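Have a look at the structure below, then the notes.
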Amino acid sequence: MKKSIIFIGMAVLCLFFKGYTQSKKQEIDSPYGKIPLKVGEKVPDFLFQNLVNGDRKPFVLSSLKGKALILDFWGTWCSSCIKGFPKMEKYQEKYGKNLQVLLVNDSNVDSVENIALFLEKRIADGEEVHLPVISERTFTQVLFPHKLYPHVVWIGADRRLKAVTNARAVTDENIARLIAGLDLVIPVKEF
């Protein structure tokens, strides 16, 4: 009973914070346009400036020559997002030759400093995040809009948007199809 109450409380907080961030959104100036991408469209060669862990160098999409990409959007306050990190790390390890998973925090609630502190705490707790973590709000909210986390964007090795889903769609079968360049037969998540 107590776990259920805590879980419900965390879910309500996730929804509250995401709703709060949506109400605080301003017009975002994106160098990649102001229209969301649709499944099948070519993804621009975007640049992630704020790598929060790892080598912290800017990351350009074209540097992933021949690899498919999964963008896993999250917030430090989203417990279901954080619980999904080990699953994403497992997939990165298993498919790393043909796949790159990036954890993208585009929440208006989290700052780069807040995310860095969150990651340091995970290291101290023995739960280090090995996937690249990116803080980006300049274009991700425009190209891949969403109201709720987790939010997963699938980009093929051909640089085309293949799907926009929730975290439940991230399975071995769907990743294998993404890597093989096949269509993903999964429902598109509405914003």
Residues of segment 144-160 classified as surrounded by fewer than 20 Cβ atoms within 10 Å (Cβ to Cβ) and closer than 15 Å to Leu69 by Cβ, total: 4
Test: residue in segment 71-87 that is among the β-branched types (Val, Ile, Thr) and touching a strand residue (DSSP E or B) at 6+ places or on another chain (Cβ under 6 Å): no
Could you tell me which numbered condition Asp183 fails, if it satisfies all but one of (1) out of contact with any strand residue (DSSP E or B) (no Cβ under 8 Å at 6 or more places or on another chain); (2) assigned to a loop (DSSP other than H, G, I, E, B)? (1)
Please enumerate the residues belonging to segment 38-67 that are more than 14 Å from the chain's Cα centre (by Cα), part of a strand (DSSP E or B) and not charged (D, E, K, R). Leu47, Phe59, Val60
Within segment 76-97, of all residues that are in a loop (DSSP other than H, G, I, E, B) and in contact with a Phe, Trp or Tyr (Cβ under 9 Å, 6 or more places away or on another chain), the one least open to solvent (accessible area, probe 1.4 Å) is Cys78
Matching residues, segment 117-143, being aliphatic (A, V, I, L, M) and either open to solvent by 20 Å² or more (accessible area, probe 1.4 Å) or farther than 14 Å from Thr76 by Cα (or both): Leu117, Ile123, Ala124, Leu131, Val142, Leu143
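The values are calculated or read from the model by the stated rules, or taken from the named source; none is laboratory data. Because the structure is predicted, anything quoted here is derived from the model rather than measured. All Cβ positions, glycine included, derive from the backbone under ideal geometry; neighbour counts span all protein chains shown. Accessible surface areas use protein heavy atoms only, side chains included; no ligands, DNA or RNA. Shrake-Rupley method; radii C 1.70, N 1.55, O 1.52, S 1.80 Å.
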